[in-house]
Each structure stands twice: as C-alpha cells, then as structure tokens.
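Q: Submitted below is the structure of interest, expressed as structure tokens.
The values are calculated or read from the model by the stated rules, or taken from the named source; none is laboratory data. No experiment lies behind these values; they were computed from the predicted model shown. Cβ placement follows ideal geometry from the backbone for every residue including glycine, while neighbour counts extend to all protein chains displayed.
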There are 4 protein chains.
Amino acid sequence: MDKKQKQTYNLTSWKHKENKTVIDLGDGVKIGDQSLTVIAGPCAVENEEQIFEIAKIVKAAGAEILRGGAFKPRTSPYSFQGLGEKGLKLLAAAREKTGLKIITELMDVEHLELVNHYTDIIQIGSRNMDNYPLLKAVGKLDKPVMLKRGMAATIKEWLLAAEYIMEAGNQKVILCERGIRTFSQETRNTLDLSSVPLVQQLSHLPVIVDPSHGTGRWQLVKPMSKAALAVGADGIMVEVHPQPDDSVSDGFQSLNPNKFWELMQEIKVLQSTLDFFTLAK
Amino acid sequence: MDKKQKQTYNLTSWKHKENKTVIDLGDGVKIGDQSLTVIAGPCAVENEEQIFEIAKIVKAAGAEILRGGAFKPRTSPYSFQGLGEKGLKLLAAAREKTGLKIITELMDVEHLELVNHYTDIIQIGSRNMDNYPLLKAVGKLDKPVMLKRGMAATIKEWLLAAEYIMEAGNQKVILCERGIRTFSQETRNTLDLSSVPLVQQLSHLPVIVDPSHGTGRWQLVKPMSKAALAVGADGIMVEVHPQPDDSVSDGFQSLNPNKFWELMQEIKVLQSTLDFFTLAK
Amino acid sequence: MDKKQKQTYNLTSWKHKENKTVIDLGDGVKIGDQSLTVIAGPCAVENEEQIFEIAKIVKAAGAEILRGGAFKPRTSPYSFQGLGEKGLKLLAAAREKTGLKIITELMDVEHLELVNHYTDIIQIGSRNMDNYPLLKAVGKLDKPVMLKRGMAATIKEWLLAAEYIMEAGNQKVILCERGIRTFSQETRNTLDLSSVPLVQQLSHLPVIVDPSHGTGRWQLVKPMSKAALAVGADGIMVEVHPQPDDSVSDGFQSLNPNKFWELMQEIKVLQSTLDFFTLAK
Amino acid sequence: MDKKQKQTYNLTSWKHKENKTVIDLGDGVKIGDQSLTVIAGPCAVENEEQIFEIAKIVKAAGAEILRGGAFKPRTSPYSFQGLGEKGLKLLAAAREKTGLKIITELMDVEHLELVNHYTDIIQIGSRNMDNYPLLKAVGKLDKPVMLKRGMAATIKEWLLAAEYIMEAGNQKVILCERGIRTFSQETRNTLDLSSVPLVQQLSHLPVIVDPSHGTGRWQLVKPMSKAALAVGADGIMVEVHPQPDDSVSDGFQSLNPNKFWELMQEIKVLQSTLDFFTLAK
C-alpha cells in the first residue's frame, strides 16, 4: 500500500493502539482474546420453535453467540423481509433460555434504538458497508458492531468503513470477511481468507470469517471453517438450521445439527494445536 | 435469464407497461422521449462562484440538467463530505438563474425531506443501490429518482432495486450505468455499455450513462459519451469543472468548459444521425 | 500508468513510431487507415456450402474480410475441434470466389506454416495471448497478426504481448478487444469499449472490436458495433451464420443474413457522420 | 453444476475412477496418498550456487520436491526469460546432490523432449491452461503433469483442461490452485482455497496449493499454507530464496530459509492433528 493509504488509517491502525482490541460481551464471552469465537444460528428468525431449537443445539455444541436475522436485506422486494421486532424478541428470549449472546443485523437508522435495545452485537451487512450515515449512527453507540466486508470492497475501503464508526466514537468494532464477488460462480462468493492476516497486519481489530455466505455451499463450510482458524481468524460465523431444506432462506448453505456438532469437535482439536504455536512464540 | 428471474421482474418489466417510461421534469425537459438528455456539472458543489460559473457554461452548451453533490459519500471519513443544505441552496439558486433542472444525491432517510424540497431529481448512488430502506423511502415520494447501478451489481439486482422503489409507489425511476468493478484498474471502473440495450430489452425505464465515473479519465469521456448514444442510452451525465486541477474531488475525470463544448457539438450531430435510424424503422 | 510501465512500451508506443500503423492487405483492403474494416463470417468453417453461402452474403453486404475457424480452441476435448487443413482450403476457395481477404486462428507453432500458407491474417486467440513461444513464432513471419485481448488481461499485458511479436520482427500487428471476464454473467463477457481509446492513446496499432464474443448475444451485436465505431475502433469482427440455430458453435451470438445487412447499412451512415468529426479537426 | 456440466467430466470424475489418484515419483515420494507434499525452491534457477544452496535448505527442512524455472513466461519480452537447458541441467544436478525430485515449467511443444528428459514433474503454468495443443502433447507422455489453474478459469474449465491431458493418454495429473484474478489488488491474486474441497468433491485428482503466487506477499505464505492444509490440500508449493531481496524475480513473495524452516515446523504439527481427523472417520 502506498504512503497516502497508510496515512488514512488512523484509529483502526496499530499506530493508534498497541494492543489487540478485545470485545468483552460479559459472562466471559470475549472476541479477540486468542480464543476462537463461534457465532451460529439460522439465516433468519422464523418462529419461536425454530430459534429455540437452534439455540439449544448451538449452545450444546459450544457456540457462544447466536445469530439470526430479524430485518433481512433481500435482493427482491417480493422475498421474505424478516419478522422485525417480533424476531428481536424471540432472539432475546432465546438468550434468556440459553445464556448465549446474540447478534442481529441493523439495516437503517430508523430501527437503531430498537435493535440496540435487544442485541449484544449489531451487525452491519455487506450491502451497507458503504452506508456512511448508518456507520456514523452506530458509531455513537456504546455497543459492539460487526462490520461485514462489502462484496466488492478492497481491504482499504473496509478498514476506512470501520474508521467511520470509530471516528464517531465507538471503538468496539469487529470485522467480518464474508467473501467477495468474482467471475467465479461455482461458489456464491469467493471467500478471501488472505484478507484475515492482511487485515491483522494493518489493524488491531478482531476478524471473524463467515464461510456460509462465503461459499454458499454447506459442503464447504467445514473445510473453510478450519482454514479460517489456520489463517488466524478470531472466530467464525456459521449458519445452522434444524431442517436446512425447509428454511425460508439460505438452506443450501446451512449445516444441520449433526454437521455442526462434527464441525465443533474438529475445531476444538485444531484450536488446541494452533494455540500451541502461539504459546511457542 | 431463467424463468424464475423473469417472474421476479414485475413493475420494471415490459409486461407491466407497454410504453417506455418518460420522465417529465416540466418546461419541456423530458427523459426517455427519444431525445438525448445531458446532465452536467461538478462532482461537488464547492461555492457560489463555482456552481454559478459551471451552470452558465453547461446551459450555454446545451445541457438541460445540472448535477452537483451536496452530500458526498466518501470512502474516508477524513475526506470532504459536501456542503450539505448550503450546497442544496446553491444548486437551487443556479436553477433560478439558468432555468436548468437540478439533480443531487440523497444518502439517507434523515435528509429525505430536505433534499426532496430542493431538487428536481433525487440521485441514489452506487453505494446505496442495496440500501433497501432508502429505496422504499424514496418510493413514497412523487419525485423522479435516478438509481445508479451498484459497483458489483448484476442487471437483475439493479432492476430489482428499481422494483423496490416502484413497489412502494413511485413509478418515476431512471437507471444510470456508471461502470462496474473488475480486475481492470487502468480505468476507475469498467463502463459496461452492453447493459444499456440489455436493460432496454427487459424494462421500460430510461437509462442514463455516466462516462465520468465509468472511466475515471477525462480523455475517455468524449469517446464513451458518443458510444453511449450509439448504444441507445437515453442520456449521459458528465462531470464538468472550470479548473479540473483545482476541484476538491474527481478533477482527473472532469471536462473543462472547452472540452465539454466540443463534446456537445459532436453529440448533436451524432444524435441527428441516430434519430434517422429510429425514424427509418 | 507509472513510469516503469511507460518505459516497457517500446515498439508498440507512439514514441517508437509517429504514424498510425496501417495494415495493407492488397486490393485496396487496409486496416487502420481511417476507414472502418468489417470482418465477418461464421465461428467455424463447417462445410463448403456453408462457407460459400456466408462469404457471398458478407461480401454483398460490404464486408472486406471473411472470418472462419479451422482450428478451434474448445474448453472441452469432446467438443468439435474444427476441420483443420480442409477448413483452410475452404476459406481459400471462398476467397477465390469472392475476392474477400481471410482471417483464421492459429493455435500452435506446429501448424504455423500451414495456416500461414492459406490465410491473409493470422488470428491469435484470447486463450493464447500469453503463449509467448507462439507470439515469438508469428513474430518471425511477414504476415499480419490479429492479437485478441486475453480474458483477464490488463491493457499493459495486452500491449506487452504485442511487443513480443514486434520485438521478434513482425510490425504488422492488429489488436482485438473481445471482452473481459467479470462477475457479470448476463453477457458472455464484458465488452470493454474504453480499452479502444485507451490503447489508441498509448499505441499506434489499429484496434478491432469483436461484439459477438464480447457479448455472446446476437441482440447486442448491432448496438455494440455502433458503439465500437463511436469510440473510434478501426473495425469490427462479427459472427454471421445463415441458420444461427443450426450452427455447430456460437449460434446464440451469430447474426443471420438479414440482421447483418441491417447492421451494415446503419454502420455506413454512422461512419460518414464520424468521418465528418475527423475531417473537421 | 448443471446436468450438462456433469456429463462433460469423464476421466477426471469419481465416476470414472473410484480411488483417489496417487502420483508415485519413486523413492517413496508420493502425491495424493494422505501425506502432505511440500514443493519448494526459487522462482527461477539463477546459477549453480543459488540452486544448490536452496536445494540443501529445503531438503533439510523436509521438502521432497525442488521447484525452479528454466523457461520463464514473462509478461514483458524484455524481462529475464530463464536459463533454458542450462537451468534444467542445474536442477538435475541439484537432484543428484540431494535426492529431491524436481519440477519445472514447460511452455511449448518445441521443448517437450528436453524438459521431459530432465524433470520428474512437468508444470503447465496458468498462462498455458488453455493451450490445448500443449495439453494434448504432454498427454502423450508417461510423466506426471502439474496443471495450474488459469487466472480467470472456472473449476469446470480447469477440470476440462485436465481432461485434455487424460484423454490423450496420460492419467498422472496433479492440479494446482494458484489464485485467481479479481478486483482485489492488495494481493497479487486471490487465493481461492474453496476450490480445493470443491475439486475434491468432483475429481479423484490430487490438488496442490501455491500460496506464493496466490498472494504475492511472503508475509501471507505461512498462514495461507496452514489454511491449505486445513482445507485438505494434498500439498503446497512455496517459493524459497536465500536472499529474497536479491532474486531476479518474485523476491517479494519468497520466504527466506529461516521463515521456510519455521513454516515446515508448524506444518508438521498441524498435519498430525489433521491426520487424526482422517483416522477418526
């Protein structure tokens, strides 16, 4: 990167802050503290039964954070747009039942107070990475924000989007690599794992990888999750659904409970090996 | 496109509306009525002197609509973000002086009333093509909206974004091709002129081409403007600045007054030839 | 482009040669001399009847050069690979009958003498733009070479590929823009018309545009051909087939005789208008 | 993938061959047999001292195969093109001294006998993935061929290129993922690790990952090598140079001996963990 680019990184840069940013969600749940954080859950909150069932499954398997969309950004206005506040209440109820923390997407300033009231982490989706008014608005909150990389965003543009949030006051930013759009259409996106160590060289912010959206194929979620660990990600976010074939959206990229359990077992073993390298330094 | 895609186009499709959409801005200024509409002006409104000078120049050369950003979406939070309402007032004053119609970008629902109050056309920028709450909000207005193609948006996604606006009630939608992001970095974007006839096959909405952002190089603006006409665009949007080297943004892609004058002369002659083909049918 | 890049352009650059390169094929057929050259014909030579019929049609409509593949680069080894020498002989016979010049693709050094014996122009396809041994080999011939842009090639890489041919001795190089591979899959490729004026700023070599491969849809061939003229291309190469639906390859992007005739009429009128601009300078 | 695509995979497909292809290079060196193969060495063979030094280093660290270019495909005709036969002889001498197997690139049919005479594996580079005459020619040899993915090649096109080699008779094909060209220019290419499990679902051929070309930055080589293991690659190919800053090409992406040693240590530990998962099935 050229001189000018380096100068534009300010609050996101190692020059601004010597220690890695650790996001503390309470109850011992931390992102960026060398542990591997697993966020899991359905694409969208569909109903009480569905979200409670998934919450229990992912909790039992070892995940710490439950994901689920209440406001869904959909390409077509005729697609299911999410349950709205009802979805937020169901997520909060699932948290109550399981002790999991929750993350959900915020799509506009209008629902900022509402989403902020219920969630532990606010997700800014790929489609809104360039939505600067929204970035500035969440920048005024005292709430962790997970910023997904835009589907055609460079590393520089992604970090500058984070800079918008931090410049407005909120230092609790988590980055999320979710794949970029390339000529390749055999996967939904091209998951750019090299972005993880590249970002970590430039910034103290933690980075999560989303292999579900990043590949769009459940068969690739386990290998790419393990690769995310190997490359040094601070966590992964995985779509899980009790009956992927019946889900209202993204069923083809969701793991069923058995596959998720298997993934969690392998990840734990792999993590202990990777920790060994870190300790050895 | 497959069967399912075709079904998703509804209000944007020729099946919904047999006649081409014509946007009537009053005073004889129409977009989509076989004439070629020229929108011209600076990237950003900088001050009274600058916007008045440019307005007079582009009016004299034959443009009908003045462009100018008051709220600027910038990759870095440390870049100039626009004059805000002051910029809107200057645009309106330039309209008063010259009779030009005006277009300016709206970035968020918060400023919707304000921008709507001053402008003749609301521009939704590339970064906000997927900002569905914003699309729904402008969909409730009785005001023409120009929707720029997202930098990684397919034709289908672009038309479905227009569908969001129309489904909310506003049928006055203009599309704008402004280049897509590809591996090629020798131009700022890759201006995809094939999108114009492709969209026109699918939809009754008018399409404007922006060769300034589409190429990022002023030397390419004239040839690509002529190509936009040849391919059947309903208009072009061109950046013009009295002293491109001194502009606060995008100087490298702005035409100076002499170059813009030259462009307008060639376009008029070319348009008369192209009209001949249309009449001959 | 940076300083280093500029230094690497040598023989292709305006610094090496002040006058535009004109390729003289004899009998008054020239490429690069301000006239617009039309190359037309089928994707592949299929049989005598087909190539003779097409040759007569494109000649009557005003084309000067007949295209047709005898050696076909196909993605699958199980697809039709061309008639080989028999195809070359049929092309030569069609030249005899009509007076058209001919162009055909060379895929390897092994068939260099054979292809060179029959053809007026040797085509190097997109897949071989980086095939440096092949470029060096045609660089030793005294025969015009048309070098197609690679599907992921930058302008710099394309010109440096031309540099390989010229450095080996052959100065008769024609460039051909045929679309690049991008995320967009609604056209076969994204035809990058901005490459034409960009290359012409950097180099004295003539540039042909191929809207058939560039879009992969016959409906887009006429508008994109006209846009190619408007942008300053030295010619176009168009696929024509008497019964596109029955062709062994690329039928969906071939014009039928009527459509080709219509295209030629519009192009002639458009060209006279564009000539007017040139004369006016 | 659609029905038609599946039908086109024949010899590369699991339907043709039930067992994973294992390439046996003799002396216990195998690719595809569950072990992880490490190929290491310089971008280009520069001189005897350089190649002998690197060979000793990579052997000591545990690599089994030495890489080194004797014929180099370079974008500019004015760049260093390799030592040719002298380079091949130096590679063979290094093999003699160390017991390492060797791999080097073949760029044209003209040098097929020569390269085949010296090397243990023939590499077909990205630029030649679509060079079908070359694929057919190596398809007639009894020698392992490593086929790099083209920089804009889909998985389907890559497997069909392998099909060309196998259809000609040679079943000893190794695939190599080396990154694809995307809008992202902050890495030299975008290393598409999802291609590894995707290819392994479709084909019995072993897959090697090249993180050096895949990222173009030595700092990313270790994390991406570990990710390649995690994702199930059959091996990695890494550029190593005693003094990266002094190398004639690609120094910025080469590991120095210390960094390579460190990489090999971590890989061995990681591999034992990953083997555990395989055994557990």
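Q: Hey, can you tell me all the residues within segment D:223-251 that are of a type in the set (A, V, I, L, M, F, W, C), within 13 Å of chain A (Cβ to nearest Cβ) and either assigned to a helix (DSSP H, G or I) or surrounded by fewer than 18 Cβ atoms within 10 Å (Cβ to Cβ) (or both)?
A: Answer for segment D:223-251, where residues must be of a type in the set (A, V, I, L, M, F, W, C), within 13 Å of chain A (Cβ to nearest Cβ) and either assigned to a helix (DSSP H, G or I) or surrounded by fewer than 18 Cβ atoms within 10 Å (Cβ to Cβ) (or both): D:MET224, D:ALA227, D:ALA228, D:LEU229, D:ALA230.
Q: Being more than 14 Å from the chain's Cα centre (by Cα), at negative phi and not hydroxyl-bearing (Ser, Thr, Tyr): is that true of D:LEU175 here?
A: Judged against the criteria, D:LEU175 is not a match.
Q: Mind checking which residues of segment C:252-263 are in a helix (DSSP H, G or I) and buried (at least 18 other Cβ atoms within 10 Å of the Cβ)?
A: Selection gives C:GLN253, C:PRO257, C:PHE260, C:LEU263.
Q: Would you call A:VAL269 within 13 Å of chain D (Cβ to nearest Cβ), in contact with a strand residue (DSSP E or B) (Cβ under 9 Å, 6 or more places away or on another chain), in a helix (DSSP H, G or I) and without any contact (Cβ under 8 Å) to a residue 60 or more places away in the chain?
A: Here the answer is no, as A:VAL269 does not meet what is asked.
Q: Looking at segment C:75-89 only, could you name the residues that are more than 14 Å from chain D (Cβ to nearest Cβ) and either surrounded by fewer than 23 Cβ atoms within 10 Å (Cβ to Cβ) or over 20 Å from the mean Cα position of the chain (by Cα) (or both)?
A: Those that are more than 14 Å from chain D (Cβ to nearest Cβ) and either surrounded by fewer than 23 Cβ atoms within 10 Å (Cβ to Cβ) or over 20 Å from the mean Cα position of the chain (by Cα) (or both): C:LEU83, C:GLU85, C:LYS86, C:GLY87, C:LYS89.
Q: When residues of segment B:170-185 are filtered for being more than 12 Å from chain A (Cβ to nearest Cβ) and either farther than 18 Å from B:PRO211 by Cα or of a type in the set (D, E, K, R) (or both), how many remain?
A: Within segment B:170-185, residues that are more than 12 Å from chain A (Cβ to nearest Cβ) and either farther than 18 Å from B:PRO211 by Cα or of a type in the set (D, E, K, R) (or both) number 6.
Q: What is the residue count in segment D:90-108 for residues that are crowded, with 18+ Cβ neighbours inside 10 Å and either within 21 Å of D:LEU134 (Cα to Cα) or free of Cβ contacts under 8 Å to residues at least 24 places away in the same chain (or both)?
A: So the answer is 7.
Q: Now for a different question. Condition test on A:GLY169, is it crowded, with 24+ Cβ neighbours inside 10 Å and not in a helix (DSSP H, G or I)?
A: no
Q: If you scan segment B:187-206, which residues turn out to be charged (D, E, K, R) and more than 8 Å from every other protein chain (Cβ to nearest Cβ)?
A: Matches in segment B:187-206: B:ARG188 only.
Q: Considering every residue within segment B:212-222, establish whether at least one is outside any loop (DSSP other than H, G, I, E, B), free of Cβ contacts under 8 Å to residues at least 12 places away in the same chain and among the polar types (S, T, N, Q).
A: Within segment B:212-222, one or more residues are outside any loop (DSSP other than H, G, I, E, B), free of Cβ contacts under 8 Å to residues at least 12 places away in the same chain and among the polar types (S, T, N, Q).
Q: Could you please give the count of residues in segment D:134-166 that are closer than 27 Å to A:THR182 by Cα and of a type in the set (Asp, Glu)?
A: Result for segment D:134-166: 2.
Q: Next up: Consider C:THR12 against the criteria (1) within 14 Å of chain D (Cβ to nearest Cβ); (2) over 30 Å from B:SER184 (Cβ atoms): it satisfies all of them except one. Which criterion is unmet?
A: (2)
Q: Now, a different point. Output the number of residues of segment D:43-61 satisfying the condition of being farther than 17 Å from D:MET264 by Cβ, assigned to a helix (DSSP H, G or I) and β-branched (Val, Ile, Thr).
A: Of the residues in segment D:43-61, 1 are farther than 17 Å from D:MET264 by Cβ, assigned to a helix (DSSP H, G or I) and β-branched (Val, Ile, Thr).
Q: Mind telling me which of the residues D:LEU147, D:LEU135 ends up being in contact with a helix residue (DSSP H, G or I) (Cβ under 7 Å, 6 or more places away or on another chain), modelled with pLDDT of 95 or more and in a strand (DSSP E or B)?
A: On inspection, the qualifying residue turns out to be D:LEU147.
Q: Across segment C:118-132, which residue is surrounded by the most Cβ atoms within 10 Å (Cβ to Cβ) among those that are assigned to a loop (DSSP other than H, G, I, E, B) and more than 8 Å from every other protein chain (Cβ to nearest Cβ)?
A: C:MET129
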